[in-house]
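The values are calculated or read from the model by the stated rules, or taken from the named source; none is laboratory data. Owing to the predicted nature of the structure, the values given are computational and were not obtained by experimental measurement. When we count neighbours, we look across all protein chains shown, and the Cβ atoms used for this are built from the backbone with ideal geometry, even at glycine.
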């Protein structure tokens, strides 16, 4: 148990410190790297409480895909410059009220969750699901997700699909005058389309089309 | 005391796994160059040691005694971290590879997810190296590599789902045991081909080595690296290639199982069979490097998103329907 506690405190310390560093660090790319460190330590915490499927999925989706795209965007845009403008300009105070409102809401939500957990410990045992503890948690999630909650699961998939299509439609623009490669027409080209044999008359030559 | 003894026994096991992996990485580099040379009717490295076997050792020594140059305008911490990340990620994934029913360092429930997660983290070493160098070619290489690896991971993930549908477990030993009667390479042959090509793209091997295309980007993300740091990138890359071969042989070629369950074959230890299968896949990797020209970047993206992804998704539907119709789903 001692080793367990030591590892728990190491990972949670890393998670908290890196979460603070995400907001504090000046360089935006450093922020994203701290965010990645945060994700990794949180997935370690998930694995420590026995939710290995959730931990791995967290690693694959958030660290392996989402954070890569974050990094991609942050590196491509010159965000560091923009940020300095925000800090130096007078209008920067515009962002503070919105941020304050959101952080207050999150703070109260956390209080509700922790309060419920501390003062009503039977909350966890009173849930309606009966999960068989003998099967691995991958199987347990599968049994619940694809039976009782299949409609909600499908619905969330649909929402993600709509979001994806929406993003594509918003950024799609058809530029004119761009030569596109058509693989079908390339492959279906015959010899007769491209090569023409001409009997060249003597001393006349051939006039080419282009 | 109890913890200490646990730590010592685990360290012993880890060393027993990692030292052979590192040695075989050095050997595999030699093999790669040799095959490449033979295809092109050259000799390849044949001077140092018998058949040039010690060439990698000589190279490693050379890198060790070279100066490590850190560019003055680079982001130093991330610049130094990048090769360390690449190397570490390439080595930690070997923890879950089963060499026989009992010879596995960590026999975890979600082994295949762990492998997939670690291989998807591999892109960070490249992005960090490319960005921290603060130079144009490394940055372009890193951006290319990030987009490429994220794209091909998707199809690898879907292919893994195909295999999992037939197995019903995420444990790597269960996956191997499920292939006792029939290796998955036979029923899922198209998926094996797609997995092989995606593995080439995932490890930035030719014909998908655009992140380090020497004709246009010098050496991509490795341009600013020198000495031991360059060697670490190099080791990490080849360890990743070996890992992809191991993953392919566990998923499709029956892992440590012997091909025929007859007398002379089934007494050979499973580790030998696994190593032979990894070698077979690696020789294919090396041959592809020698005979196929480099892809253009838009063709690479098209292949990943417009061909491999729909094909592997369709195959998931096919596999699932087949298993469901014939009542073969592995429900326990």
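Quick grid of which residues meet (1) assigned to a helix (DSSP H, G or I); (2) over 18 Å from residue B:142 (Cβ atoms); (3) within 14 Å of the chain's Cα centre (by Cα):
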residue	(1), (2), (3)
A:17	yes, yes, no
A:23	yes, yes, no
A:36	yes, no, yes
A:58	yes, yes, yes
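On the stretch given as region B:175-189, residues that are surrounded by fewer than 18 Cβ atoms within 10 Å (Cβ to Cβ) and either in contact with a strand residue (DSSP E or B) (Cβ under 8 Å, 6 or more places away or on another chain) or farther than 19 Å from residue B:312 by Cα (or both) total 4.
Here residue B:265 fulfils each of the conditions (1) modelled with pLDDT of 80 or more; (2) surrounded by fewer than 23 Cβ atoms within 10 Å (Cβ to Cβ); (3) under 15 Å from residue B:100 (Cβ atoms) apart from (1). Taken over region A:156-197, the residue count meeting the criterion of being surrounded by 10 or more Cβ atoms within 10 Å (Cβ to Cβ) and assigned to a loop (DSSP other than H, G, I, E, B) is 2.
If you go through region B:281-327 and keep only what is exposed (fewer than 14 other Cβ atoms within 10 Å of the Cβ) and not in a helix (DSSP H, G or I), you end up with B:292, B:293, B:296, B:326, B:327. Of the residues making up region B:45-64, just one is touching a residue at least 60 places away in the same chain (Cβ under 8 Å) and surrounded by fewer than 15 Cβ atoms within 10 Å (Cβ to Cβ), namely B:64.
Filtering region B:1-41 to residues that are within 14 Å of chain A (Cβ to nearest Cβ) and not in a helix (DSSP H, G or I) leaves only B:1.
Taking the conditions (1) in contact (Cβ under 8 Å) with a residue 60 or more places away in the chain; (2) surrounded by fewer than 22 Cβ atoms within 10 Å (Cβ to Cβ); (3) more than 13 Å from every other protein chain (Cβ to nearest Cβ) in turn, residue B:151 satisfies each one other than (3).
Where in region B:76-145 are there helices (runs of 4 or more DSSP H), lying fully within it, with 3 or more residues that are surrounded by fewer than 23 Cβ atoms within 10 Å (Cβ to Cβ) and in contact (Cβ under 8 Å) with a residue 60 or more places away in the chain?
The helices (runs of 4 or more DSSP H) meeting that bar are B:76-92.
The single condition among (1) assigned to a helix (DSSP H, G or I); (2) modelled with pLDDT under 85; (3) within 15 Å of the chain's Cα centre (by Cα) that residue B:198 does not satisfy is (2). A single member of B:44, B:49 is away from chain A (no Cβ under 14 Å), at pLDDT below 85 and more than 30 Å from residue B:293 (Cβ to Cβ), and it is B:49. Considering only region B:174-181, I want to know if a residue exists there that is outside any helix (DSSP H, G or I), within 10 Å of another protein chain (Cβ to nearest Cβ) and touching a residue at least 24 places away in the same chain (Cβ under 8 Å). Within region B:174-181, not a single residue is outside any helix (DSSP H, G or I), within 10 Å of another protein chain (Cβ to nearest Cβ) and touching a residue at least 24 places away in the same chain (Cβ under 8 Å).
Just to be sure, is residue B:184 in contact (Cβ under 8 Å) with a residue 24 or more places away in the chain and at the interface with another protein chain (Cβ under 10 Å from one of its Cβ atoms)? The answer is no for residue B:184.
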